[in-house]
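To start, the structure itself, in structure tokens.
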């Protein structure tokens, strides 16, 4: 189950091609933020996404890494 969830989250992020706030992604996927953040951390350790703090103080942003990031 976790593998399918990771794949779905990565595909949504890769389609957006930009950084997205964790709160907006959580709302879009109808997934609680703690569960989503846990999945994103696993994707980050796999090297597939980048999790970082946005310009606003309490904003967590995330974006998918694509093949263009490595070329």
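Of note:
- Residue count for region 29-50 under the criterion of being surrounded by 12 or more Cβ atoms within 10 Å (Cβ to Cβ) and in contact (Cβ under 8 Å) with a residue 12 or more places away in the chain: the result is 10.
- The residue of region 56-71 that is modelled with the highest pLDDT, among those that are farther than 15 Å from residue 16 by Cα and surrounded by 12 or more Cβ atoms within 10 Å (Cβ to Cβ), is 60.
The values are calculated or read from the model by the stated rules, or taken from the named source; none is laboratory data. From a predicted model like this one, the values you see are computed outputs, not experimental measurements. Heads up, the Cβs are rebuilt from the backbone with ideal geometry, glycines too, and the neighbour counts pull from every protein chain shown.
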